[in-house]
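Beneath this line is the structure, given in structure tokens, with notes to follow.
Derivation of every value follows stated rules applied to the coordinates shown; laboratory data play no part. Here the structure is a predicted model, which means the values were calculated and not measured. Methodologically, a virtual Cβ is constructed for each residue, glycine included, from the backbone with ideal geometry; neighbour enumeration extends over all protein chains shown.
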Amino acid sequence: MDKRIAELRDKCKTLPMSPGVYIMKELSGKVIYIGKAKFLKDRVSSYFGSDRNQQNKVKKMVSHIQDFSYILTDSEFEALVLECSLIKQYQPKYNIMLKDDKGYNYIKITNEPWPRIFQAKHVFEDGATYLGPYTSSHIVKQSIDEVCKIFKFPRCNKQFFGKSTLKGHLKSAQNRPCLNYHINQCSAPCSGKISREAYLESLSEAINFLKGDKASSIKELANKMKQCAENLDFERAAGFRDKIRAIERIKERQKVVATKFKDQDIIALARQEDMTCFEVFRFSDSNFCDRETFFFNHVEEINIARSEFIQQYYLLKKDIPAQISVDGDVESVEILCEWLSNKAGKKIKVKVPQRGEEVKIVRMCQNNAQESLVQRFSQLNKNNINLKSLQDLLNLDKIPNYIEAYDISNLRAENNVGGMVVFENGEPLRSAYKKFKINSIANQNDYGSMCEMIDRRFNEYEKQEENAGFGKLPDLILLDGGRGHVRIVKSLLKFRGYGSIPVYGMVKDIKHKTNAMATDAKKIPIKSNRIFNFISLMQNEVHRFAIGYHRSMRKKKISSVLLSIPGVGQRRAKFLLEFFKSVDNIKNAAPYELKLAPGLTKSVAQAVYNHFHLEKKL
């Protein structure tokens, strides 16, 4: 018998038959699993008994357990609360983990004299109003499209001044209303066709609509329509009527799937081989409003997995519906309901529907989970073929499941930066992406910049534990460059003792399309469309990432130039850049032109003008 297992068994004999939480640790002391139990001694001992009936995931976990600790609680419910807290803190790799990084989307209403409605990926402290988060970017885009059509909001990038500030050269062709105005889909604030008061009134109505309160929106618009009709303002009444009809058409379209419960979530799963897919359907105001899909490997005890999934899913959520319908048994469901109810501040039910409409919706959720699994396996199969083709093209010893790609971005040696992107099993691993600000290279030297970036990357590797990002060695390094880049990076890696890692350059033709892979001595042409698309995907991704970092650095530098002007803060700097598009345009503008930018007074406009023109004289 393994001496380690024997010692752990002996330790289990001292455990009490009480509720509590147990914490499994590997040799380094890192927490790898956290669980709760009604009877600690029985549950923990079960891990170190015979492994004949143990699932593969448990066997693998036990092989890494070096020690465990435990915390006693007064009840199983307290154990659940503590377990959730500890899982959030340690994020053990053998627990079902849902990261809060799924790329949430928001609807942004800007804080401007003439606010606009946009889709946003992040919330900033910029005075804007944000609605969300939403997991589906399609739903956000669709909502914005609908609200712009109904309430006739502009979608262009023109500046809005309204009737009172349209004068002089502003009455030019660029401020004539566009086609959207003529087809009755824009109120044309850029041409002064709507007053600011009427625009803000429409915005208030639109926000109510976006918040999902369509019944309230219709009622409010109906009252306004009636009031306008009584005042013989039939043109405005017709406008309200058109908005009501548009909202009602959308309501009818959204009733394709509806439940008798105002707010409810449906959770179902599907399994294929070693992969499990959890599908979540979310209902709000009795209508289907969102869906989320999660994939996990090596999930074997389904009732426990459902319980763990529900814990993790709602640990990240602020809004928990009154009812959660699932497609099967959930471990410790009463304790789970008590925890959810305490978290939500209202009674929450978790149930398995047995008949009627809910059963149909649960089955539909299951079917979608199954379809998501089929699509997932199809993508994985495609990725495996791509990686095998790449291995054959480059004559590698093994399939490159973990690939790092590097690129440099600068403009005339200014804001010199680099980016590293990672592809794991053929898909982007964004949590492992890294940015580098090049410090040691003063001029435009791509070779030197690339070497600094990769040297720093391997310095970090030697400091960190095994994990994605800096803590893991790549199977393949790809450089956005040719033979010179490969030659100098291979020399660096050989000097550092990592000469066995293959390094290749991604070479572009005169049309800026990837057409070959470079070694330090030759080019390998790419003849297969499949491998061409795969390599282009990686090259475009690392280029996008590096140039995006470069642009953000330039933007910060530009903002700092404007912020050094007396009277110009973050808000006015933003308005100036949005209005004039570049610092050069701001420099060349006359004081009366500067004053046309939103939020600028005459004195501040003069200060901006003086800043650049006095600077020139000096």
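Pairs spanning more than 19 Å between alpha-carbon atoms, out of Lys317/Lys346; Lys388/Lys511; Lys41/Lys93; Lys152/Lys224; Lys472/Lys508: Lys388/Lys511; Lys41/Lys93; Lys472/Lys508. Applying 1/(1 + (r/R0)^6) with R0 = 35 Å to the Cβ-Cβ distance of Asn231 and His122 gives a FRET efficiency near 0.20.
Length available on full extension from Asn381 to Lys555: 0.36 nm per residue minus the Cα-Cα distance, which gives 58.5 nm.
Extending 7 Å from Cα along the Cβ direction at Glu292 and again at Asp263 yields two label points whose distance is 1.5 nm.
With n ≥ 4 as the cut-off for DSSP H runs, can you work out [θ] at 222 nm for the chain, using -39500 (n - 2.57) per run divided by the number of residues, rounded to the nearest 500?
Details: 19 runs with 278 residues, N = 618.
Calculated mean residue ellipticity at 222 nm is -14500 deg cm²/dmol.
Across the cross-link table entries Lys121/Lys434; Lys59/Lys434; Lys121/Lys360, which are compared at the Cα atoms, the separations over 30 Å belong to Lys59/Lys434; Lys121/Lys360. Across region 387-400, computed HN-Hα scalar couplings (Karplus, 6.51 cos²θ - 1.76 cosθ + 1.60, θ = phi - 60°) run 5, 5, 5, 5, 4, 5, 4, 9, 6, 7, 6, 9, 5, x Hz from first to last residue, x flagging Gly and Pro. Converting phi to 3J(HN,Hα) with the Karplus coefficients 6.51, -1.76 and 1.60 and the offset θ = phi - 60°, region 522-535 yields 8, 10, 10, x, 9, 9, 7, 5, 4, 6, 4, 5, 5, 5 Hz in sequence order, with x at every glycine or proline. Sequentially through region 21-35, phi angles give Karplus couplings (6.51, -1.76, 1.60; θ = phi - 60°) of 10, 10, 10, 8, 10, 8, 4, 6, x, 6, 6, 10, 7, 10, x Hz, Gly and Pro residues having no value and appearing as x. Inter-label distance, Ala198 to Met17: 8.0 nm, where each label sits 7 Å from its Cα along the C-beta direction.
How much FRET efficiency would the formula 1/(1 + (r/R0)^6) give for Ser528 and Asp397, where r is the Cβ-Cβ distance and R0 is 22 Å, rounded to 0.05?
Details: r = 21 Å, r/R0 = 0.93.
With R0 = 22 Å, the Cβ-Cβ based efficiency is 0.60.
Please tell me the relative contact order of the chain in percent, rounded to the nearest whole number, where contacts are Cα pairs under 8 Å and at least six residues apart. So the answer I get is 7 percent. What label, among [x] 224; [y] 211; [z] 201, belongs to volume of the Cα convex hull per residue in Å³ computed from the structure on display? Label [x] holds the value from this structure. Its Cα centre serving as origin, region 402-536 has a Cβ charge dipole (Lys and Arg +1, Asp and Glu -1) of approximately 500 debye. Simple spin-label estimate for Ser389 and Glu462 gives 3.9 nm between the two label positions (7 Å along the Cα-to-Cβ direction from each Cα). How much FRET efficiency would the formula 1/(1 + (r/R0)^6) give for Arg355 and Ser50, where r is the Cβ-Cβ distance and R0 is 30 Å, rounded to 0.05? According to the calculation, E is roughly 0.10.
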